[in-house]
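Read-outs: derived from the displayed coordinates by stated rules, not from any lab. Note that the coordinates shown come from a computational prediction; the quantities given were computed from them, not determined experimentally. Ideal geometry is used to build each Cβ from the backbone, glycine not excepted, and the neighbour counts take in all protein chains shown.
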Amino acid sequence: MVERLVKTLKHGIVILFTKPKHAQDYDKQFPIILFGYMCRIYAITKFSPHILMISQPPPLKVDNFLSPPVEAFKDDGKPIALGT
């Protein structure tokens with residue numbers, strides 16, 4: 001699994017440096033390469049490395065938009081929206 005990580009990171013870095021606009025801010029782009037590796041489901045394990053290490057799917061920014069708002073409950077059990 002380590003060899004695959006190194007191969008994937010090398011490939012991502014090569015692609016990163018072939019685009020001049022990304023070569024200057026590689027330190028901001030590198031976490032994106034690593035996140036892509038962690039999210040990919042591999043045929044041998046049938047799981048992504050993120051799920052194998054943390055036992056839950058990786059958090060995505062879109063989850064913030066799709067999840068329902070968090071509600072709090074009064075003592076009488078009626079829900080109220082937080083921040084009101």
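List of remarks:
- Multiplying the residue separation of Asp25 and Phe65 by 0.36 nm and subtracting their alpha-carbon distance yields 11.6 nm.
- When only alpha carbons are used to place a centre, segment 49-63 and segment 15-46 end up 16 Å from one another.
- On the basis of the beta-carbon distance and an R0 of 25 Å, Leu52 and Leu16 show a calculated FRET efficiency of 0.45.
- For Tyr42, distant residues with modelled amide H under 5 Å away: Phe47, Ser48
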